[in-house]
Amino acid sequence: MLEKQTKLITKDYDKIKPHLIESYLNLGGYEILKKIVQEEKDPNELLEKIKQAGLRGRGGAGFPTGNKIEFAKKFAKEKNQTPYLVVNADESQPGTFKDRYIIDHNPHSLIEGAMIEAYILRAKKVYIYINPNYLEQYKILENTIKTAEDRGFIGKNIFGSRTDIKIYLRLGAGGYIFGEETTLIGSLEGRRGEPRLRPPFPVSHGYLDHPTVVNNVETVVNITIILNLGPEEYRKFGTKNSPGTKLYSVSGSVQAPGVYEAPLGISIRELVHEISGGMKKGKVLDFVQVGRMGGFYKGKTLDFKISYDCTGKNDVNVGLGDVLVVDKASDFEELLISWSTFFKRESCGQCTPCREGTYHLYKIAERIQENKLTAKDYDNLKRLIEVLEKTTICPFGCFVANMWKGVIDLKGKNYFLKNKKN
């Protein structure tokens, strides 16, 4: 289990005390930031290293991080504006707790990574937007930022250099949709939780209409790792198109649920049966769900590789890295109701197809549980999936559709029509 992990992000977690900055400094913490600002390293050379390493955003979409920074720098120059860096710590998807794990164990790695990325971007201000349910983690970051400020690592003339970067901590408004970058930016500006049409993208028109880079916590901590290791060493982990490691949030019927670090490109079977310890005693695997908005895997498909590649039929999109292991004794209808309740509740309501579609899908889930489903319901289900895939402003509608398509593939048409209850 633990010994089978490949640790880059989490390698020193057993040696670090989050409330003591000295434990991070003793392991070389803030040294790369100090060197960068004191020697006034060329931000473009540092950016090139991020691009060479092939880091992809760990917030779900897997967009190349270096390209995103490069675009924002380009637009900032064209518009003659100072860009912003926003760290997304909202983490509101069920079964995902990797960013919280980072904050709990090594908050200074997040702060150092954010400061370095801001330097590369030439941003003067960084905003960390954190899930409002993470009150303990909010306090941890609040203390971490203050401690780093007191040491001169954040603020004016950091490490005695000419670099000025300030970090601000903001408590989120609450809701899944605030993890979507345009909604998050709108929330920072005091607007209601609704995504906006793109383009324009935040890299050109973001916070206060300035070019803005939005990265999640796991992405940001990888910045420091890449600059410490070098791009070539970093690329030794993972796959050609998805380099590095990933934090996987594993829950359900495994012996050791938790957060595990492993290379991108690992198979579902390895993650479940080796790293997570296999099934709980007496439990028989039914299926594995990768991403609450993703597909369902069992049998031979457990050998599919998890990454951001998704170019072949045996590739699985890693998403946020949340993995749910379900045994045969579980009540699938209860799971379906749980997922459908989440979708119905978390739709922001801006798009009529999403607002109404998630409600009707919830009612279909209810009728499945009550054994009241009809052939017409099955036809409507397929129509709702198509509408959600094609007509919503943000990807939430597609996520809902993908989950339901996965259910159809997993269970087959007969599941929706036969009498399942006595």
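The values are calculated or read from the model by the stated rules, or taken from the named source; none is laboratory data. Keep in mind that this is a model prediction, so the values were computed, not measured. Cβ atoms come from the backbone with ideal geometry, glycine included; neighbour counts cover every protein chain shown. The area values use the complete protein model at the heavy-atom level, side chains included, leaving out ligands, DNA and RNA. Shrake-Rupley method; radii C 1.70, N 1.55, O 1.52, S 1.80 Å.
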Open item on the list: Tell me the accessible surface of residue 24 in square angstrom (1.4 angstrom probe, heavy atoms of protein chains only), to the nearest ten.
Closed with: 20 Å²
Task: Cβ-isolated cysteines (cut-off 4.7 Å), the chain - done: 310, 348, 394, 398
Task: Hypothetical label at residue 151: residues of segment 92-117 whose amide nitrogen lies under 20 Å (7 Å Cα-Cβ projection) - done: 102-117
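Assuming R0 = 25 Å, what is the FRET efficiency of residue 370 and residue 298, from their Cβ-Cβ distance, to the nearest 0.05?
0.45
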Open item on the list: Classify segment 68-196 from the C-alpha gyration tensor, please: rounded if a/c falls under 1.5, else prolate or oblate depending on whether a/b exceeds b/c.
Closed with: oblate
Open item on the list: Suppose a student asked you for the relative contact order of the chain, using Cα pairs under 8 Å spaced at least 6 residues apart; what percent would you report?
Closed with: 16 percent
TODO: Quick one: dipole size for segment 125-169, taken about the Cα centre, charges +1 on Lys/Arg Cβ and -1 on Asp/Glu Cβ, in debye to the nearest 20.
DONE: 200 debye
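Let me have the relative contact order for segment 187-294, percent, based on Cα pairs under 8 Å that are six or more residues apart. Display every interim value, and only then the final one.
Numbers: 99 pairs, mean separation 15.2, N = 108.
For segment 187-294, the relative contact order is 14 percent.
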- [ ] For residue 42, tell me the accessible area in Å² from a 1.4 Å probe, rounded to the nearest 10.
- [x] 70 Å²
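Go ahead and run the numbers for FRET between residue 408 and residue 80, Cβ-Cβ distance against an R0 of 45 Å, rounding to 0.05. Let's see the in-between values first.
Working: r = 52 Å, r/R0 = 1.15.
Efficiency, rounded to the nearest 0.05: 0.30.
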Open item on the list: Charges at C-beta only: +1 for Lys and Arg, -1 for Asp and Glu. How large is the resulting dipole of the chain about its Cα centre, in Debye rounded to 20?
Closed with: 860 debye
Open item on the list: If I histogram all Cα-Cα distances within the chain using bins 20 Å wide from 0, what percent of pairs lands in each bin?
Closed with: 26, 56, 17, 1
Open item on the list: Taking the alpha-carbon distance from residue 34 and a cut-off under 20 Å, which lysines remain once sequence neighbours fewer than 8 residues away in the same chain are dropped?
Closed with: 49, 124, 125, 146, 156, 166
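For a Förster distance of 30 Å, can you work out the FRET efficiency between the beta-carbons of residue 4 and residue 314, rounded to the nearest 0.05? Write down the numbers at each step before the final one.
On the way: r = 22 Å, r/R0 = 0.73.
Computed FRET efficiency for residue 4 and residue 314: 0.85.
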Task: Cα-projected label distance for residue 355 with residue 328, points at 7 Å along beta-carbon direction, nm - done: 4.5 nm
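Going by the alpha-carbon gyration tensor, a ≥ b ≥ c the square roots of its eigenvalues, is segment 1-97 rounded (a/c under 1.5) or, if a/c is not under 1.5, prolate (a/b greater than b/c) versus oblate?
Numbers: a/c = 1.95, a/b = 1.33, b/c = 1.47.
It is oblate, given that a/c is not under 1.5 and a/b is not larger than b/c.
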Open item on the list: Which residue, 264, 369, 179, has the largest displacement toward the positive end of the dipole of the chain when charges sit on each Cβ (Lys, Arg +1; Asp, Glu -1)?
Closed with: 369
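With every protein chain left in place, what is the accessible area per residue of segment 69-186 in square angstrom, probe 1.4 Å?
Details: 4470 Å² over 118 residues.
Per-residue value: 38 Å².
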Task: the chain: calculated mean residue ellipticity at 222 nm from DSSP helix runs of at least 4, using -39500 (n - 2.57) - done: -12500 deg cm²/dmol
Open item on the list: Out of the total accessible area of segment 215-281 (probe 1.4 Å, heavy atoms of protein only), what percent is carbon and sulfur?
Closed with: 47 percent
